[in-house]
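S.K.: Pasting a structure here, questions to come.
The values are calculated or read from the model by the stated rules, or taken from the named source; none is laboratory data. Only a predicted model underlies this, so the values are computations on that prediction, with no experimental measurement involved. Glycine also receives a Cβ, built like all others from the backbone with ideal geometry; neighbour counts cover every protein chain displayed. Each accessible area value is taken on the protein alone, full model and side chains, heavy atoms only, with ligands, DNA and RNA left out. Shrake-Rupley method; radii C 1.70, N 1.55, O 1.52, S 1.80 Å.
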Amino acid sequence: LAKTTQPISMDSYEGQEVNITCSHNNIATNDYITWYQQFPSQGPRFIIQGYKTKVTNEVASLFIPADRKSSTLSLPRVSLSDTAVYYCLVGDRRDNNDMRFGAGTRLTVKP
Amino acid sequence: ETGVTQTPRHLVMGMTNKKSLKCEQHLGHNAMYWYKQSAKKPLELMFVYSLEERVENNSVPSRFSPECPNSSHLFLHLHTLQPEDSALYLCASSQGGLQAGNNEQFFGPGTRLTVL
């Protein structure tokens, strides 16, 4: 069973900041939160991973509140090429079998 | 070649055919995965191999048979498939285990399978 809940779809416009929230009420102590991006007919690509507070890389930021029951992926100034499906995964990263993909959020960026 | 490669990229087969999908990773990883992605459905994890041993078979029908001869190669043998098995089959690898770091999965481009 997927451990996460995300909105099915979101729309945005070029240049805007996009925030996608993921709920994971039953997150375990050893679980990390990982986000992937998938373009049509391609495999998913790792974006960012975090455990608590805030993580930032060159692509995105990940905000995790203290209770860790949710997380927010923030994409700054999106472009048309950011149109994709974004997946939130929660699991023990030491266990190869623990991270499962859910339905994801289909983000559409409009001009 | 770098990353994760999959062959063939496209495959059309009849229900009585036998075919195999191949995956190769050039990243020195010790875990490999097969996923199935049907149209408008989430990614389904089919098989996980860690150090060449299968650790998970998510109730996949026996017409799908995986093989992992070494840590760099993964096969998916197909026989007597059904039209509903038509999908994108994705292979991934990761540096699993205690030294895994973020255990990021690297995906191949996939094989688009059509069963007639």
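S.K.: Heavy atoms only, probe 1.4 Å: what % of the accessible area of the protein assembly as shown goes to carbon and sulfur, would you let me know? Could you put the intermediate results ahead of the total?
M.R.: Working: 5490 of 11220 Å².
On the protein assembly as shown, the fraction of accessible area on carbon and sulfur atoms equals 49 percent.
S.K.: From Cα pairs below 8 angstrom and at least 6 apart in sequence, can you work out the relative contact order of chain A, rounded to a whole percent?
M.R.: Numbers: 280 pairs, mean separation 41.1, N = 111.
Computed value for chain A: 37 percent relative contact order.
S.K.: Connecting C-alpha atoms closer than 10 Å in a GNM of chain B, tell me which of B:GLY14, B:GLY101, B:GLY28 has the biggest fluctuation.
M.R.: Per the Cα network of chain B with a 10 Å cutoff, B:GLY101 tops the list.
S.K.: When N counts the residues of chain B, how does its alpha-carbon radius of gyration compare numerically with 2.2 N^0.38 Å, as a ratio?
M.R.: Details: Rg = 13.6 Å, N = 116, 2.2 N^0.38 = 13.4 Å.
Working it through for chain B, the quotient is 1.02.
S.K.: Follow-up. Give, rounded to the nearest 20 debye, the magnitude of the charge dipole that the stretch B:15-93 has about its Cα centre when Lys and Arg contribute +1 at Cβ and Asp and Glu contribute -1 at Cβ. Could the numbers behind the result be given before it?
M.R.: Working: 8 positive and 8 negative charges, 60 e Å.
Dipole of the stretch B:15-93, to the nearest 20 debye: 280 debye.
S.K.: Right, next: Would you be so kind as to identify which of B:ASN103, B:GLY28, B:SER93 lies farthest towards the positive end of the dipole of chain B, taking Lys and Arg as +1 and Asp and Glu as -1 on Cβ and the Cα centre as origin?
M.R.: Going by the charge dipole, the pick is B:SER93.
S.K.: Of all GluC sites (Glu not before Pro) in the stretch B:1-100, which ones are in loop regions per DSSP and have a Cβ with at most 11 other Cβ atoms within 10 Å? Before the final figure, lay out each step's value.
M.R.: Working: sites: B:GLU1, B:GLU24, B:GLU44, B:GLU52, B:GLU53, B:GLU56, B:GLU67, B:GLU84; in loops: B:GLU1, B:GLU52.
Listed in order of number, the matching sites are B:GLU1.
S.K.: Still on this structure: Residues of the stretch A:17-42 that become at least 40 Å² less accessible with every protein chain present than in their own chain isolated, using 1.4 Å: which are they?
M.R.: A:TYR36, A:SER41
S.K.: Tell me, what is the percent relative contact order of the stretch A:44-100, built from C-alpha pairs under 8 Å that lie six or more residues apart?
M.R.: Numbers: 60 pairs, mean separation 10.4, N = 57.
Relative contact order comes out at 18 percent.
S.K.: Structure shown: which of A:LYS3/A:LYS52; A:LYS110/B:LYS36; A:LYS69/B:LYS36 lie over 26 Å apart, alpha-carbon to alpha-carbon?
M.R.: On the way: A:LYS3/A:LYS52 17 Å; A:LYS110/B:LYS36 29 Å; A:LYS69/B:LYS36 29 Å.
Over 26 Å apart, Cα to Cα: A:LYS110/B:LYS36; A:LYS69/B:LYS36.
S.K.: Right, another one. Could you compute how fast chain A diffuses translationally, taking Rh as the Kirkwood radius over C-alpha pairs and applying Stokes-Einstein at 4 °C with viscosity 1.567 mPa s? Give it in µm² per second. The partial results should precede the final answer.
M.R.: Values: Rh = 14.0 Å.
Value of D from the Cα-based Kirkwood radius: 92 µm²/s.
S.K.: Same structure, new question: If one takes the accessible area of chain A alone plus chain B alone and subtracts that of the pair, with a 1.4 Å probe, what total in Å², rounded to the nearest 100, results? Intermediate values should be presented prior to the final figure.
M.R.: Details: alone 6540 and 6390 Å², together 11220 Å².
Buried surface at the A/B interface: approximately 1700 Å².
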